[in-house]
Amino acid sequence: MEIVIQFFLLIVGFVLLIKGADWFVDGAAGIADRFGIPQLVIGLTIVAFGTSAPEAAVSITAALNDSAGLAVGNVLGSNILNILIILGLTAVITPVAVQNSTFKYEIPFVIIITIIMAVLGYFGGSVNRIDGIILWALFIVFFVYLIKMAKKGQTALVEEGEGNDGDSQKKNIFLLILLTIIGIVMIVVGSDVTVDSASAIAKVFGMDDRLIGLTIVALGTSLPELVTSVIAARKGNADIAIGNIVGSNIFNILFVLGTTALITDVPYEPNFIVDAVIATIAAVVLLVCVANKERKLKRGGGAVMLAMYAAYFVYLIAA
């Protein structure tokens, strides 16, 4: 009877995830249209921060419970999975268009801050409060950049005479905000229910805790990004899809790890350097895959990313 209940909860979790992501994308895209904010900015902020909630909750709670060592592994593992699995899978389903600004600035920024995090942790043996201040300073720089992007987008719309009229004017902003909030709550709750039920089912079939952690729990905390990105891409909101992943990776390093380090020193194990290198390579591969005339992450690039994660997973199992 227990296994039947867990399968039922698994289905409920997936329904919450899919419907929540559907509402979340519609609400976020509607807010962007209503205020003339580029969808990419919404993807890099509201959507990225919302879908990073599980990682933030896990890392900050771990720090408060004197288990800060989980934070680095959580951040690096999620960032690798975000690019190789989520963008890879999204691209295989439907090619994802990438803005020039994402290609020129945001993806290179992910590469730079991943290297900075690795250097700070490796040579110091931990990510301490001073490192946390450095990460937060970079987060503020990124936020200022986003504000400038938003203003630039609004100015462009005014100059083109597109303003806040037409369909976007008819949209009730309060309903859009409510739709966005309900959507993210459903995503987070759905993710939690899915991870718990899947873990329970895995234990019934004899999977050990380490394998469950490397697979179900790792994927579970990234389910919000996965579902949101796939649905956004399918709805034609590609800027939200790519912005969600790039933004989530930036939030994970600068906000999640930075905030955790401000609470307490975060131990940086020597083997994390391998994961940091993989995370950096993943971002470089993403940059290379979208370096084409169409500025698209195509199915071939997505397949390469999925193959890379398969190789990384084999390494994790063998290590």
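The values are calculated or read from the model by the stated rules, or taken from the named source; none is laboratory data. Just so we're clear, the structure is a prediction, and the values are computed from it rather than from any experiment. Glycine gets a Cβ as well: all are built from the backbone with ideal geometry, and neighbour counts include every protein chain shown. Heavy atoms of the whole protein, side chains included, go into the accessibility calculation; ligands, DNA and RNA do not. Shrake-Rupley method; radii C 1.70, N 1.55, O 1.52, S 1.80 Å.
A search for C-beta distances below 8 Å between a residue of the stretch 132-143 that is farther than 12 Å from Ile112 by Cβ and any residue that is polar (S, T, N, Q) and open to solvent by 20 Å² or more (accessible area, probe 1.4 Å), counting only pairs 6+ apart in sequence or on different chains, returns Gly132/Thr259; Trp136/Thr259.
Residue-by-condition table, conditions (1) open to solvent by less than 30 Å² (accessible area, probe 1.4 Å); (2) farther than 15 Å from Leu138 by Cα; (3) at pLDDT below 90; (4) part of a helix (DSSP H, G or I):
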position: Ser78; (1), (2), (3), (4): yes, yes, yes, yes
position: Ile83; (1), (2), (3), (4): yes, yes, no, yes
position: Leu89; (1), (2), (3), (4): no, yes, yes, yes
position: Phe103; (1), (2), (3), (4): no, yes, no, yes
position: Ile107; (1), (2), (3), (4): yes, no, no, yes
position: Ile111; (1), (2), (3), (4): yes, no, no, yes
position: Thr114; (1), (2), (3), (4): yes, no, no, yes
position: Leu120; (1), (2), (3), (4): no, no, no, yes
position: Phe123; (1), (2), (3), (4): no, yes, no, yes
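Note on the stretch 231-249: residues that are surrounded by fewer than 23 Cβ atoms within 10 Å (Cβ to Cβ) and either among the acidic types (Asp, Glu) or in a helix (DSSP H, G or I) (or both) amount to 1.
Selection of the stretch 171-206 for residues being free of Cβ contacts under 8 Å to residues at least 24 places away in the same chain and open to solvent by less than 80 Å² (accessible area, probe 1.4 Å) yields Asn172, Ser199, Ala202, Gly206. Of all the residues in the stretch 275-297, those that are surrounded by fewer than 17 Cβ atoms within 10 Å (Cβ to Cβ), among the aliphatic types (A, V, I, L, M) and farther than 15 Å from Ile111 by Cα number 1.
Val141 meets each of the listed conditions (1) aliphatic (A, V, I, L, M); (2) in contact with a Gly (Cβ under 8 Å, 6 or more places away or on another chain); (3) modelled with pLDDT of 75 or more apart from (2). Checked across the stretch 37-50, the condition of being in contact with a Pro (Cβ under 8 Å, 6 or more places away or on another chain), under 30 Å from Phe205 (Cα atoms) and at pLDDT below 85 holds for no residue.
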